[in-house]
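In what follows, a single structure is set out as structure tokens and then discussed.
The values are calculated or read from the model by the stated rules, or taken from the named source; none is laboratory data. In this text the structure is predicted, and so the values were computed from the model without any measurement. Note that we place each Cβ from the backbone using ideal geometry, even for glycine, and neighbour counts take in every protein chain shown. Each accessible area value is taken on the protein alone, full model and side chains, heavy atoms only, with ligands, DNA and RNA left out. Shrake-Rupley method; radii C 1.70, N 1.55, O 1.52, S 1.80 Å.
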Amino acid sequence: MTQKIKSIVLIDDDLAINYFHKRLFIKLELGENVLSFFNSYEALDGLVELGQTLKEDDLVYVFLDLNMPDIDGWSFLEEFNKINKLLKFEIKIFILSSSTNPEDVEKAQKNNFVTNYFAKPLMMDGILALKEMYSTV
């Protein structure tokens, strides 16, 4: 079955980074819509809301920053564990962080929800490679 990326969800408190990534995803026509959230609470609510409109075979990419106020990326993943069963669509979570701390990378690799870890900002070639690796369209 062919799987198209239905939505891109950006979770980062840095407005400029979110704007840059959103423009890049739109330019590359990756995903039917791109949503930006500036804190983890809004993002969790947004994912639940998405779950009301998406189907089981829809694919959502989430790009998650680790270092944010309120709740950081690690805490987001803990909270995501609580709502994951409510979400009927397929979701791939990518850590997108300025942290190159090997402990963060290792912790991400051990997390069942995390698909991969990337340094930000993502550039066009990185996004195209990501599309090639993780989607079937």
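Pick from the stretch 113-122 the residues that are of a type outside the set (Phe, Trp, Tyr) and without any contact (Cβ under 8 Å) to a residue 60 or more places away in the chain: which of them is surrounded by the most Cβ atoms within 10 Å (Cβ to Cβ)?
VAL114
I want to confirm something. Restricting to the stretch 35-53 and keeping residues that are loosely packed, with under 12 Cβ neighbours inside 10 Å and not β-branched (Val, Ile, Thr), which single residue is modelled with the highest pLDDT?
My answer is GLU49.
Would you be able to tell me the number of residues in the stretch 1-16 that are in contact (Cβ under 8 Å) with a residue 60 or more places away in the chain and either of a type in the set (Ser, Thr, Tyr) or open to solvent by 30 Å² or more (accessible area, probe 1.4 Å) (or both)?
Result for the stretch 1-16: 5.
Being open to solvent by 40 Å² or more (accessible area, probe 1.4 Å), on the phi > 0 side of the Ramachandran plot and not in a strand (DSSP E or B) narrows it down to one of GLU56, GLU29, so name that one.
GLU29
When residues of the stretch 63-112 are filtered for being among the polar types (S, T, N, Q) and either assigned to a helix (DSSP H, G or I) or open to solvent by 90 Å² or more (accessible area, probe 1.4 Å) (or both), how many remain?
Residues meeting the conditions: 7.
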